[in-house]
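Here's the structure we're looking at; comments come further down.
Only the coordinates and a few stated rules stand behind these numbers; no lab work does. Note that this is a predicted model, so its numbers are computed, not measured. Reconstructed Cβ throughout: ideal geometry from the backbone, glycine too, with neighbour counts over all protein chains shown.
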């Protein structure tokens, strides 16, 4: 089979979804076609499926669309997909999301398959070396307990080691799980719960969580993590000028793709003026990322952040001078 076969294209996927959902109404079929396909999918697909010459796979009875097939379509897994899955199994982070039985089943199903790539083939740069220990069985146990709490909405009793070395135990309801590629660490946004009430949101690094246990506390109130992040972002956005030197604009947009920003491109100069918002807790990380671009990125404001960059550059220069002497 070809590397890119139409069997794995959009229209085949839409038709398979409709057949798996049958019997269904015309409105439901059109909704699936519009949501999974392109703008013209509703106009093109539905008539072809209803007794047309192309794909007569549906018939209408009593106001519902029924599948004409005795067996529902099953999309086979390609050799390339199997090879990709085998490569994923070599990533230690994958073990955090799967049980031992699931890992064993995948290992048997993919035995004899050559991985698409290996971990040694992936080179990460500008990454801190003190990432989380994914091979630690206790870390994996705590991670999966938190993952289960995220799915069920339950509260956990968490023992946490702060940056100052203090240990405290509180009740938390995990709300969101995040991974930082630069830090190579996971963290959660969690509501601190006491007597059935929220006491505010905290960001907890999983590597600093010492223990988790079930809790009798419950909290059913709503919480919008995105809105909380917006409220706790920097008071003023960074004002940056990004030049096209060494594909600076493209590299910058890729590096900060997850950040809220506004950009204006000047075709005459080839530079881009960007307003960038970030979380207050991420200020040092953002600063380090910007310094990594060198003269390609110029920070125009605010002045407080410019002062931080000058201080950081002066400190690095002093370290270099000390090393030379």
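Please report, in whole Å, how far the alpha carbons of the stretch 178-237 spread along each principal axis, starting with the longest.
Answer, in whole Å and largest first: 40, 26, 13 Å.
Which of rounded, prolate or oblate describes the stretch 81-186 when judged by the alpha-carbon gyration tensor and an a/c cut-off of 1.5?
oblate
Can you say what percent of the DSSP beta bridges in the stretch 145-223, counting only those with both residues inside, are antiparallel? Round to 5.
Approximately 100 percent, going by the DSSP bridge assignments.
Using just the helices of the chain, give the 222 nm mean residue ellipticity in deg cm²/dmol: DSSP H runs with n ≥ 4 each add -39,500 (n - 2.57), and the total is spread over all residues, rounded to 500.
The helix-only estimate for the chain comes to -11000 deg cm²/dmol at 222 nm.
Here are a few candidate values for semi-axes √(5λ) of the Cα gyration tensor in Å: [x] 36, 22, 19; [y] 44, 30, 24; [z] 44, 24, 17. Which one was actually calculated from the structure I just gave you?
Computing semi-axes √(5λ) of the Cα gyration tensor in Å and matching it to [x] 36, 22, 19; [y] 44, 30, 24; [z] 44, 24, 17 gives [y].
Going by the alpha-carbon gyration tensor, a ≥ b ≥ c the square roots of its eigenvalues, is the stretch 162-213 rounded (a/c under 1.5) or, if a/c is not under 1.5, prolate (a/b greater than b/c) versus oblate?
Taking the square roots of the gyration eigenvalues as a ≥ b ≥ c, the stretch 162-213 is oblate.
In terms of the Cα gyration tensor, with a ≥ b ≥ c the square roots of its eigenvalues, is the stretch 79-121 rounded because a/c is under 1.5, prolate because a/b exceeds b/c, or oblate?
It comes out oblate by the Cα gyration axes.
Of all DSSP beta bridges located in the chain, what percent are antiparallel, nearest 5?
100 percent
As an exercise, use a Förster radius of 30 Å and the Cβ-Cβ distance of residue 136 and residue 282 to find the FRET efficiency, rounded to the nearest 0.05.
E(calc), rounded to 0.05, equals 0.70.
What percent do you get for the relative contact order of the stretch 199-325 when only Cα pairs under 8 Å and 6+ apart count?
27 percent
Once both axes come from the Cα atoms, what is the angle between helix 10-21 and the longest principal axis of the chain, in degrees from 0 to 90, rounded to 10?
70 degrees
What is the spin-label model distance, in nm, from residue 260 to residue 246 if the labels are put 7 Å beyond Cα along the C-beta direction?
It works out to 3.1 nm between the two label points.
Taking the Cα centroid of the stretch 145-223 and of the stretch 115-139, what is the distance between the two, rounded to the nearest whole Å?
Rounded to whole Å, the Cα centres lie 24 Å apart.
Relative contact order, percent, of the stretch 79-121 when contacts are C-alpha pairs under 8 Å separated by at least 6 residues?
In percent, rounded to a whole number, it is 64.
Measure out, as a whole number of angstrom, how far apart the alpha-carbon centroids of the stretch 277-292 and the stretch 53-107 sit.
Centre-to-centre (Cα) distance: 40 Å.
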